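Contents: one structure, followed by commentary.
The values are calculated or read from the model by the stated rules, or taken from the named source; none is laboratory data. Note that the structure is predicted; figures quoted are calculated from it, not measured. Note that we place each Cβ from the backbone using ideal geometry, even for glycine, and neighbour counts take in every protein chain shown. Only protein heavy atoms, including side chains, enter the accessible area calculation; ligands, DNA and RNA are left aside. Shrake-Rupley method; radii C 1.70, N 1.55, O 1.52, S 1.80 Å.
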Amino acid sequence: MKGYNLEVGRAAPLTDAIFMHELSVMTAVLDAVEQHAQQVGARKVLAINLVVGERTSFVDDALLFCFDMLAEGRLPAGARLNIRRTPMRFHCASCASDYEPSGAHFRCPSCDRPGQITNDGRELLIESMEIET
Amino acid sequence: MTSHESLAAMHGVKTISIVQNMLEQNDLAAEANRQRLRQHGILGVNLIAAPGAGKTSLISRLIATLQGQARLGVIEGDIAGTIDTQKVLAAGAADAVQINTGGNCHLEAGMIRRALDDLDLANLDIVLIENVGNLVCPTHWALGEQLKICLSSAAEGHDKPIKYPEIFAVSHAIVINKIDLIELVDFDRAFFYESVRALNPNAPIFELSCRNGEGVLAFGVWILDCLKQVRDQ
């Protein structure tokens, strides 16, 4: 039978599996930010602006923790990580308006009919960064 | 320029617009996998469920149901062990590869690329990826599949769509396993369907039992139909 074991990310020892989700994505973010920063000749990265939607299930604290750990010794180290969150929303055709779900169901809070999920809250974006040249 | 901007300019501080998907690298790798599967006329399926919902059982049932009509290769994703790979091979899978993630809670496109290297793609019709048991993280990591399937079970209750909306919203089909237990567990079918439809108006919902086989044929027929569509493109 073929098979193989994979290394756990490229990070320093991290045994808490809860952060694995954020670890993988922050590895990718670090690589992208570093590449862009090098391309524009940045001396230092001051801030990184992310947009993270509610539908993506990434946790801010975990993203920050992973960023700090992964950025050590690299160009983006010390940058302020700003995370703008966007909520999940549903559209009610009867009321012709959007709403955020109550948590117990997906019905419209005004008319109690089930709506349809919109594309809000799907963002997972590196929006911009602030650098020093 | 405002005084803030002129001060910033003096210190060489600039804002650089990036607007890049955080998962772009994975998406690119997934697209490469997708092209590769398409070139071989293979239907790629990503099966996502909480631990214990019955992923391996469903795969085993599907292998048996499609025997003689489609050759199934399986990529097994687990944190550790080879139990599931052994099971699907015993069930008659044409080929199987085990990935042990060593702690990672989801499979990623790069892992699938390596697994595809080890599968006999020339002699397969369907590649079924059994993702790590988790209804959250795997949802966001494209692997190159054509079909993303959300598997839940009657025993897990009817509020799964409320707790895990994203996987239900983006799946091409939803499967409820252990339907034979519905009289014994607290499963409000009407609420489950209403919640799923608010997230996903079109995905077919299959009720089945891997234990007694009820409903498996209908699911198998749908899979074959999807395979035909992939080949007709």
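Restricting region B:124-140 to residues that are part of a helix (DSSP H, G or I) and in contact (Cβ under 8 Å) with a residue 60 or more places away in the chain leaves a set whose member that is farthest from A:Asn119 (Cα to Cα) is B:Pro138. Reported count of residues in region B:1-55, each being assigned to a helix (DSSP H, G or I), away from chain A (no Cβ under 14 Å) and open to solvent by less than 20 Å² (accessible area, probe 1.4 Å), is 3. Looking at this structure, is B:Leu143 modelled with pLDDT of 95 or more, within 23 Å of B:Ile223 (Cα to Cα), assigned to a strand (DSSP E or B) and open to solvent by less than 30 Å² (accessible area, probe 1.4 Å)? No. Against the definition (buried (at least 21 other Cβ atoms within 10 Å of the Cβ) and of a type in the set (A, V, I, L, M, F, W, C)), how does B:Val175 come out, yes or no? In short, yes. Given the structure, is A:Leu46 outside any helix (DSSP H, G or I), facing another protein chain (nearest Cβ under 8 Å), in contact (Cβ under 8 Å) with a residue 60 or more places away in the chain and within 30 Å of B:Asn202 (Cβ to Cβ)? When the stated conditions are applied, A:Leu46 does not pass them.
Only one of A:Glu72, A:Glu54, A:Glu22 is under 30 Å from B:Phe168 (Cβ atoms) and out of contact with any strand residue (DSSP E or B) (no Cβ under 9 Å at 6 or more places or on another chain); which?
Values: A:Glu72 fails: under 30 Å from B:Phe168 (Cβ atoms); A:Glu54 fails: out of contact with any strand residue (DSSP E or B) (no Cβ under 9 Å at 6 or more places or on another chain).
After ruling out the rest, the residue left standing is A:Glu22.
Assuming A:Cys111 fulfils every condition listed in (1) assigned to a loop (DSSP other than H, G, I, E, B); (2) at pLDDT 95 or above; (3) surrounded by 15 or more Cβ atoms within 10 Å (Cβ to Cβ) apart from one, which condition is it? Looking at each condition in turn, A:Cys111 falls short on (3). Scanning region A:99-133 for residues that are in contact (Cβ under 8 Å) with a residue 60 or more places away in the chain and more than 7 Å from every other protein chain (Cβ to nearest Cβ), which turns out nearest to A:Lys44 (Cα to Cα)? For region A:99-133, the residue satisfying everything is A:Glu123.
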